[in-house]
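Down below is the structure, laid out as structure tokens.
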Amino acid sequence: MTGRIFSGVQPTHGLHLGNYLGAIRNWVTLQDEYDCIYCIVDLHALTQMQDPEAMRANTREVAAALLAAGIDPARSILFVQSNVQAHTELCWFFNCVTPMGWLNRMTQFKEKAGKNRENAPVGLFDYPVLQAADILAYKATHVPVGEDQKQHLELSRDIAGAFNRKFADGFFPLPEPLILGEATRVMSLRDGTKKMSKSDPSDMSRLNLTDGPDAIALKLQKAKSDSIDGLSLDAEQRPEATNLLTIYAALAERPVADVAAAHAGTQFSSFKRQLADLAVERLGAMAAEMRRLLADPGQIDAVLADGAERARAVTEPIMDEVRERIGFLTPRCG
């Protein structure tokens, strides 16, 4: 193993192809090279109001998706954030060494709070500090990041450095960003100018990870196309053609330029059939396994409970040393 990965995903309903191609499949591949710790970050989800029953259901849904996609609980640690106390405890320690000015520069808070900044919850403002605690409670060395998370990871490095300078030089590693090549940007099947999203009112706009073969084939058959002969890459003039070529290339694990060249003379109807066959081949078994797992929540809960126990085993000696270096008294027995 070449290092330790930490990555988290919020418990959200309606995971789709964009979630799989953008992150989940990369997590599966990383298991071959890294000691991987994957977390369902329910504490982060609390920055928006959550229905308790929906939170539980969504947590299991995300866990089922990760397991069905190939996250192996025997090789990786998969758990729920709130089940490991180290995240919130270390967050408070980091709050006490993190200047307000650092958080004021975080662009995501400004974007999410918008004009309602004065009424935004403290948790939304403090979100990046909890993110740093998530990573550093395990002394993770690498974090897979997209463009929107680079600033938060840089803050995690700054917080680690601040703690090290004050309490323990070199104690926390400075986690490195893991760039996994150009991200697959999956767009709506009904509008190639908009990202595929669970919030789109039309279920035909996306491939859900729970869709069966018939649904996958129908949605791709009905996907929006244009009247130009052949297929070509042109995000501005031919967004739908570009999107379907991009999806095909990602599922086939081929460069999109090669796929576009191979199908330059292919009509949309024929290409959609080929794409549907490929999508069913790559996604069908995963969807079936996800549905099976969701029908057996006890199995999901057992995996998550075991993962939390293993996660605590990693964090407990680290947190013991953190408390000792800060100067806290260690409780004595007897």
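Can you report the number of residues in the stretch 163-213 which are modelled with pLDDT under 90, of a type in the set (Gly, Ala, Ser) and touching a Gly at 6+ places or on another chain (Cβ under 9 Å)? Of the residues in the stretch 163-213, 2 are modelled with pLDDT under 90, of a type in the set (Gly, Ala, Ser) and touching a Gly at 6+ places or on another chain (Cβ under 9 Å).
When Tyr138, Tyr127 are screened for being in contact (Cβ under 8 Å) with a residue 24 or more places away in the chain and not in a helix (DSSP H, G or I), only Tyr138 passes. Among the residues of the stretch 189-214, the ones that are under 22 Å from the mean Cα position of the chain (by Cα) and under 15 Å from Lys272 (Cβ atoms) come to 2 in all. Scanning the stretch 39-57 for residues that are surrounded by 13 or more Cβ atoms within 10 Å (Cβ to Cβ), within 12 Å of Gly123 (Cα to Cα) and not β-branched (Val, Ile, Thr) turns up Leu43, His44, Ala45, Leu46. The set of residues in the stretch 141-170 being polar (S, T, N, Q) and either touching a residue at least 60 places away in the same chain (Cβ under 8 Å) or outside the structural domain of Leu30 (by TED's automatic domain parsing) (or both) consists of Thr141 alone. The one condition from (1) farther than 18 Å from Val186 by Cα; (2) without any contact (Cβ under 8 Å) to a residue 12 or more places away in the chain; (3) acidic (Asp, Glu) that Asp306 does not meet is (2).
Scanning the stretch 207-221 for residues that are buried (at least 16 other Cβ atoms within 10 Å of the Cβ) and farther than 18 Å from Asn19 by Cβ turns up Pro213, Ala217. Scanning the stretch 279-333 for residues that are among the acidic types (Asp, Glu) and under 21 Å from Ile40 (Cβ atoms) gives Glu289, Asp296, Asp301, Asp306, Glu309, Glu316. For first residues located in the stretch 69-84 and closer than 14 Å to Val9 by Cα, partners that are of a type in the set (Gly, Ala, Ser) and part of a strand (DSSP E or B) and lie 6+ apart or on another chain with Cβ distances below 8 Å form the pairs Gln81/Gly8.
Within the stretch 46-73, the set of residues being of a type in the set (A, V, I, L, M) and in contact with a helix residue (DSSP H, G or I) (Cβ under 7 Å, 6 or more places away or on another chain) comprises Leu46, Met55, Ala63, Ala64, Ala65, Leu66, Leu67, Ala68, Ala69, Ile71.
The values are calculated or read from the model by the stated rules, or taken from the named source; none is laboratory data. Values in this document were obtained by computation on a predicted structure and should not be read as measured data. Cβ coordinates were reconstructed from backbone atoms using ideal geometry, including for glycine residues, and neighbour counts include every protein chain displayed.
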